[in-house]
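Read through the structure below, which is laid out as structure tokens, and then see the notes.
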Amino acid sequence: MSKSDLHKIQLFSRISQETLAILETALRRKSFSKGSAILWEKDPCRYIYFLISGEVEVYLLAPNGREQVLERMGAGEAFNLVPAFKHTLNNHANVRAATVVELFEMNKDDFTDLLERLPEFSLAVADYMARRLAKMVNLVEDLSLLSVRQRIASFLIKQADTPTGRWTQDEMARRLGTVRDMVGRVLRQFEDEGFIRFEHHQILLVDRETMQKIALGEK
Amino acid sequence: MSDLELPKINQKKCIACGACVEACPNQVLELVEEVLSFVRPQDCTYCALCEESCPQGAISCSYEIGWA
């Protein structure tokens, strides 16, 4: 197993070589093709995953089939940690490969065993989960308090500042808790108002101050 | 167009209804023997009207997002 791949994982970045050598024995490398399912909501939790490369989408399905994408995660992130701590042991969400994905998987029992044996690992997991929780709080805030127009503006600013790949209108809709037509309509409005510009496969934001005002509901 | 970028068509979802053919302002798309095809790809401006017109969600345009 390549040491450099281990160092790509955020959760392992500050862990000593000694502890890393123990963790390494519990990791198994796997790859997934674009679009394939990695795990399903409500299935028993069997593995924890650490993304070496590629991107995954974490999503929930409403009874009417509508998807809510909770997060798009990239290289270095870890997922399916929460159910490993619960007695019910079921996965909380669906995860699929948004691109070709390479990851490490760790058996759930090995994970809990290593948490008990390695305080350094436990602290790294707690730190990582605290940061993930803060991100989820932001998402809940966005979905519950902001209009679709505000959500789209906020999303565009975040993507322009820290791009995480290319997005279709449908992917934006699923990420923002709305439908594709609505995203298309708001993007056209922004274009007509001169706030964004379409240049072939690029959406270019013209003015940060205006977009921030829209995101805050002031425009 | 020097950097030819075309919308993606999911032929499994496409029902060959022709809505996108009607919507395209540059006649880039046509149904060729009931299969949606790019007949004038060089004229595509990636305006996404085909995507917006598709009732099946069979066409998608992906974008990079950045500052002008």
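Among residues of the range A:147-171 being more than 18 Å from A:E209 (Cα to Cα) and more than 9 Å from chain B (Cβ to nearest Cβ), the one that is surrounded by the most Cβ atoms within 10 Å (Cβ to Cβ) is A:V148. Can you tell me which residue in the range A:182-197 is modelled with the lowest pLDDT, limited to those that are at the interface with another protein chain (Cβ under 9 Å from one of its Cβ atoms) and closer than 13 Å to A:T168 by Cα? Checked the range A:182-197; the qualifying residue modelled with the lowest pLDDT is A:G184. Every condition in (1) modelled with pLDDT under 95; (2) crowded, with 18+ Cβ neighbours inside 10 Å; (3) out of contact with any Lys or Arg (no Cβ under 7 Å at 6 or more places or on another chain); (4) within 23 Å of A:F121 (Cβ to Cβ) is met by A:A93 except one, and the failing one is (4).
Taking the listed residues B:A58, B:A48, B:A19, the one that is at the interface with chain A (Cβ under 9 Å from one of its Cβ atoms), surrounded by 14 or more Cβ atoms within 10 Å (Cβ to Cβ) and not polar (S, T, N, Q) is B:A48, with no other qualifying.
Is it fair to say A:G177 is modelled with pLDDT under 90, more than 10 Å from chain B (Cβ to nearest Cβ), farther than 26 Å from B:I9 by Cβ and in contact with a strand residue (DSSP E or B) (Cβ under 8 Å, 6 or more places away or on another chain)?
Details: modelled with pLDDT under 90: yes; more than 10 Å from chain B (Cβ to nearest Cβ): yes; farther than 26 Å from B:I9 by Cβ: yes; in contact with a strand residue (DSSP E or B) (Cβ under 8 Å, 6 or more places away or on another chain): yes.
Yes, satisfied.
Of all positions in the range A:63-75, none carries a residue that is of a type in the set (A, V, I, L, M) and without any contact (Cβ under 8 Å) to a residue 12 or more places away in the chain.
Being facing chain B (nearest Cβ under 7 Å) and surrounded by fewer than 18 Cβ atoms within 10 Å (Cβ to Cβ) is the filter here, so list the residues in the range A:198-207 that pass it.
Start the filter on the range A:198-207 by keeping residues that are facing chain B (nearest Cβ under 7 Å), which leaves A:200-206.
Within the range A:198-207, A:H200, A:H201, A:Q202, A:L204, A:V206 qualify.
Listed by position, the strands (runs of 3 or more DSSP E) enclosed by chain B that each have at least 2 residues that are without any contact (Cβ under 8 Å) to a residue 24 or more places away in the chain and touching a strand residue (DSSP E or B) at 6+ places or on another chain (Cβ under 9 Å) are B:29-32, B:62-67.
Of the candidates A:E67, A:E57, the single residue that is closer than 30 Å to A:V179 by Cα and surrounded by fewer than 18 Cβ atoms within 10 Å (Cβ to Cβ) is A:E67.
The values are calculated or read from the model by the stated rules, or taken from the named source; none is laboratory data. Bear in mind the structure is a predicted one, so any value in this text is a computation, not a measurement. Cβ coordinates were reconstructed from backbone atoms using ideal geometry, including for glycine residues, and neighbour counts include every protein chain displayed.
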